[in-house]
Every structure is written in structure tokens, then in C-alpha cells.
1. Looking at Leu147, Leu116, can you tell me which residue is touching a residue at least 24 places away in the same chain (Cβ under 8 Å) and in contact with a Lys or Arg (Cβ under 9 Å, 6 or more places away or on another chain)?
2. I need the full set of residues from the range 95-105 which are closer than 13 Å to Thr136 by Cβ and open to solvent by less than 30 Å² (accessible area, probe 1.4 Å), in order please.
3. Report whether or not Lys12 is in contact with a Leu (Cβ under 6 Å, 6 or more places away or on another chain) and either closer than 23 Å to Glu90 by Cβ or loosely packed, with under 14 Cβ neighbours inside 10 Å (or both).
4. Please go through the range 75-95 and pick out each residue that is out of contact with any strand residue (DSSP E or B) (no Cβ under 8 Å at 6 or more places or on another chain) and under 26 Å from Leu116 (Cβ atoms).
5. Condition first: more than 20 Å from Ile35 (Cβ to Cβ) and hydroxyl-bearing (Ser, Thr, Tyr). Now tell me which residues in the range 51-96 satisfy that.
6. I'm checking my understanding of the structure. Among residues of the range 106-145 that are part of a helix (DSSP H, G or I) and at pLDDT 95 or above, which one is surrounded by the most Cβ atoms within 10 Å (Cβ to Cβ)?
7. Just need a number here: residues in the range 34-46 that are closer than 17 Å to Asn149 by Cβ and within 13 Å of the chain's Cα centre (by Cα).
8. Please verify whether Glu47 is over 30 Å from Pro16 (Cβ atoms) and open to solvent by 60 Å² or more (accessible area, probe 1.4 Å), treating the condition exactly as stated.
Amino acid sequence: MQKMKEDTAQVKVAVPIRDLWKAMSSDIRHITTKILPDIVEEVELLEGDGGLGSILVFKFFPHVPKVSFQREKIVEFDESLHQIALEILEGGHLDHGFSSYTTGFKLTAVGEAETLIDVKVLYETKPEYTHIPGDTIKATFLYIKNLENYLLNAPS
């Protein structure tokens, strides 16, 4: 069995930690279709209450290449530390060379109006698949950038 690989990154956003945490945790299934309107058609809560152990299905639009859905489980959820991690159980990246894929976020307040996001992607690739380090972070950065833009411009 191969060793789990890890890609990490850090990004600062101009959104207060309270708003960002709410968007990334309790509001994730309602906000994802708004921040990725051309990609995600629907987010369904299959199991749980949106916290630890909950299972979500992200359904993609038919025009999204090579993927129709991604089923994810919340495997880490700590409100006091502002940490959340989602593991892909089926679909998505698992259909594209990965045998295991978990994305974790840790939020840290930087003053009143900014938040530092530590991103960690833990993954294993299928033996025949060559992965370029850092590629795992690209989709996550798109999500974070779109989330920041949405929260900065959303009517309060």
C-alpha cells in the first residue's frame, strides 16, 4: 500500500472568520450552488445534520466534463477551532486517478475583517496515475476565491 500524499497551501481572504466559518460549515449546501453556479447544480444532505459524520452529494451540471456527482462525508468538524474536513466517498476525484481524497480547512482570524485559511489535501493515487503536486489545490482555490467574492458582494 502506498503512503498518503499531502498538498498544503495557505490563503488569506478579506472576510471575517465568523462569516466564513458559517458559509463553509452550516451553510455549505445552500451556498455552494451560488458560488459555483456554472458547476454545481444541487447539494443534497443525505445523512446527518450538516455536522460531523454528515454525508453530502454535490450534483454537477451535465456540461461539466467527466464528472456528474461527488459524494462527501464531513470527517472533521470543530467549531471552536474552526476546522472542517471532507472526504470524498464516491465520484468526483475518485473517478480521476485518486483512490482516496480528503480536503481540510483550518480558519484563523487575522484582525476583524480577514481570515487565514490553511488548506490540506490528503490523497492517494491509483498506481497507473501520475499526479502533479499542487494540482489538488487548484479547484480548492477556485472555490475559496468564489466564496470570498460572494460573501463580499452578497446582500446582508
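The values are calculated or read from the model by the stated rules, or taken from the named source; none is laboratory data. Keep in mind that what you see is a predicted model, and the values were worked out from it rather than measured. Cβ placement follows ideal geometry from the backbone for every residue including glycine, while neighbour counts extend to all protein chains displayed. Side chains included, ligands, DNA and RNA excluded: accessible areas come from the protein's heavy atoms. Shrake-Rupley method; radii C 1.70, N 1.55, O 1.52, S 1.80 Å.
1. Leu116
2. Matches in the range 95-105: Gly97, Phe98, Ser100, Tyr101, Thr102, Thr103, Gly104.
3. yes
4. Hits for the range 75-95 are Glu79, Ser80.
5. Ser80
6. Only one residue tops the list, namely Ile144.
7. Qualifying residue count for the region: 3.
8. yes
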